[in-house]
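K.L.:
Shown below is the structure under consideration.
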Amino acid sequence: MKPFLTIKEIKEKLDKKEISENESIKYYFDRLKKIDPKLGTTLEIFEPTENNKKGLLSGIPGIIKDNICQQGKITSCGSKILENFKSTYDATVVEQVKKEGAVILGRGNMDEFAMGSSGEYSAYKVTRNPWNTNCVPGGSSSGPAAAVAAGLVPWALGTETGGSVRQPASYCGIVGFYPTYGSHSRLGTVALTSSTDQVGTLTRTVHDNALLASILSGHDPKDSTSLFREKTDFTKKLNGKLPKNLTLGVIQDSIESKGVDNQIKERFKEAVDHLEKLGAKIKYISLPDLKYGISVYFVINRAEAASNLARFDGSLYGMRAKEAKDLHDMYINTRHDGFGQEVKRRILMGNYVLSSSHQEAYYKKADHVRAMIRAEFEAAFKEVDLLMSPTAPTLPFEIGKMSMDPLQMYMADYFTVPNCITGNPALSLPCGFSKEKLPIGFQFIGPRLSEELIFQVAHAYEQSTEHHLKTPPGLD
């Protein structure tokens with residue numbers, strides 16, 4: 001076998017009997033063990049197990065982000081406080097991929113409790129970008145994204161709260177997808193911001209992403225936030241052509257922002273021009289309320305994080321401080337020793353905005369502005385079919401460069417946050433490279449439940465370019 005094969009290509013080889021399922025699994029297991037120490041994409045590699053031999057993912061292994069429960073395996077969320085916690089059940093999304101024959105080869109490294117945009121905030125090790133190991137791969141789904149980009153596995157599941165799948169996908173030159181809120185079950189996924197968290201898919205191509213999304217989408221009666229939507233095969237309309245009379249809206253504010261790297265603007269404009277040549281009508285749209293998205297997210301994310309992480313106090317599961325005079329002392333010492341700096345920072349901010357003296361000024365106002373942004377999206381989608389913007393405003397930066405400047409780090413999610421707080425689906429895919437040979441991505445954002453259209457348009461663009469065919473150097 002060769003590295004960097006897609007799910008579709010592996011399936012074709014399996015169908016033609018060119019390789020066996022065991023050969024495919026062993027190949028990726030060996031490759032993961034050999035190359036992962038250079039990149040830090042996993043926190044644990046699993047010995048392959050028996051799988052369903054007739055599923056869509058049979059013989060095609062992947063890895064799962066470490067905040068998604070796997071029965072009998074540690075689910076640490078990249079944190080010391082859950083260092084030895086073993087899950088007693090599989091998350092619904094894990095059940096779904098296993099039912100389709102998937103063999104899971106490891107726990108993907110991540111920023112602690114999914115708080116981070118670089119892969120530097122794991123309590124265990126830093127994840128490195130396969131395109132340049134001195135640079136970050138993005139986060140918080142750093143390990144899953146870097147593993148797919150490096151050809152260590154053909155697919156991975158991450159989670160996204162404000163950009164944690166699409167931003168690392170952009171930094172690593174692969175495809176990352178955030179579904180309509182409620183489309184993928186959250187059961188068994190450790191909560192950060194319950195009103196925006198969704199399991200997202202990371203792959204080399206749009207087709208593979210559509211296949212995974214097809215497997216994961218559907219109602220889960222065990223998840224109260226799960227939508228009642230029928231199973232859909234999102235690969236059916238991937239014919240390499242744009243739909244007729246397609247109108248794409250370019251978010252004017254995104255390309256006029258001073259904080260966007262010039263090379264990103266250039267590659268994005270090239271993508272827009274290319275789509276116009278393919279037959280799309282381009283319309284420039286101004287969405288002035290989107291600039292408040294990062295501020296709204298800042299408040300809501302911290303508030304919900306503080307509430308969700310209150311359960312980690314040493315009394316039920318996870319680590320417990322060994323030295324404590326009483327129960328109150330045990331709570332304080334456990335959380336002090338178990339949580340990292342970024343997690344503590346967000347918990348403190350969250351409790352501040354939720355306090356009785358500040359709730360009206362911050363949390364309730366943020367929720368009001370969230371409704372304004374949702375209304376602005378809905379108005380835009382009356383004029384255009386999909387919206388477009390760069391995925392991230394910056395190129396992958398050097399490890400350590402921004403770790404002491406959290407505000408600058410938060411801005412890496414500037415373009416991915418707005419649709420997360422409104423629950424709209426979005427997909428990031430490659431549109432070129434910088435002069436430093438670092439990947440650049442752009443995204444399509446759609447109305448709720450527009451996954452089929454997003455995949456169709458993204459696939460048409462992808463198949464008429466060669467960006468997705470390029471691979472990181474030195475990993476063959």
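K.L.:
Please go through the range 186-228 and give me each residue that is more than 15 Å from I454 (Cα to Cα), in a loop (DSSP other than H, G, I, E, B) and among the polar types (S, T, N, Q), ordered by number.
P.N.:
Correct list: T193, S194, S195, T196, S224, T225, S226.
K.L.:
Those residues that are among the hydroxyl-bearing types (S, T, Y) and part of a helix (DSSP H, G or I), I need them from the range 16-46; list them, please.
P.N.:
Scanning the range 16-46 gives S24, Y27, Y28.
K.L.:
Additional query: Just to verify a result, which residue in the range 242-279, among those that are under 25 Å from the mean Cα position of the chain (by Cα) and of a type in the set (G, A, S), is surrounded by the fewest Cβ atoms within 10 Å (Cβ to Cβ)?
P.N.:
Applying the filter and picking the extreme gives G259.
K.L.:
To continue, here is another question. Which one is farthest from the chain's Cα centre (by Cα), of the residues in the range 424-466 that are assigned to a loop (DSSP other than H, G, I, E, B) and surrounded by 21 or more Cβ atoms within 10 Å (Cβ to Cβ)?
P.N.:
G446
K.L.:
Now a separate question. If you go through the range 376-406, how many residues are outside any loop (DSSP other than H, G, I, E, B), over 14 Å from T247 (Cα atoms) and at pLDDT 95 or above?
P.N.:
The qualifying residues number 7.
K.L.:
Residues in the range 407-423 that are part of a loop (DSSP other than H, G, I, E, B) and of a type in the set (A, V, I, L, M, F, W, C): how many?
P.N.:
Adding up the residues that qualify gives 1.
K.L.:
May I ask you to list pairs of residues, at least six apart or on different chains, whose Cβ atoms are under 6 Å apart, with the first in the range 180-194 being touching a residue at least 60 places away in the same chain (Cβ under 8 Å) and the second being among the basic types (K, R)?
P.N.:
Once the first residue is touching a residue at least 60 places away in the same chain (Cβ under 8 Å) and sits in the range 180-194, its partners that are among the basic types (K, R) give T180/R448; L187/K222.
K.L.:
Now for a different question. Mind checking which pairs have a first residue in the range 356-371 that is touching a residue at least 60 places away in the same chain (Cβ under 8 Å) and a second that is among the small types (G, A, S) and surrounded by 15 or more Cβ atoms within 10 Å (Cβ to Cβ), Cβ under 6 Å, 6 or more apart or different chains?
P.N.:
Listed by first residue and then by second, the contacts come to Y363/A303.
K.L.:
Filter the range 108-166 down to residues that are acidic (D, E) and within 19 Å of E398 (Cα to Cα) and give me whichever is surrounded by the most Cβ atoms within 10 Å (Cβ to Cβ).
P.N.:
For the range 108-166, the residue satisfying everything is D111.
K.L.:
Kindly check whether there is at least one residue in the range 115-132 that is in a strand (DSSP E or B) and among the polar types (S, T, N, Q).
P.N.:
Yes; the residues of the range 115-132 include at least one that is in a strand (DSSP E or B) and among the polar types (S, T, N, Q).
K.L.:
Of everything in the range 334-392 that's polar (S, T, N, Q) and in contact with a Gly (Cβ under 8 Å, 6 or more places away or on another chain), which residue is surrounded by the most Cβ atoms within 10 Å (Cβ to Cβ)?
P.N.:
Looking at residues that are polar (S, T, N, Q) and in contact with a Gly (Cβ under 8 Å, 6 or more places away or on another chain), I get T391.
K.L.:
State which residue is surrounded by the fewest Cβ atoms within 10 Å (Cβ to Cβ) when the search covers only the range 395-410 and only residues that are without any contact (Cβ under 8 Å) to a residue 40 or more places away in the chain and more than 17 Å from Q167 (Cα to Cα).
P.N.:
Applying the filter and picking the extreme gives M404.
The values are calculated or read from the model by the stated rules, or taken from the named source; none is laboratory data. Keep in mind it's a predicted model, so treat the numbers as computed, not measured. Glycine also receives a Cβ, built like all others from the backbone with ideal geometry; neighbour counts cover every protein chain displayed.
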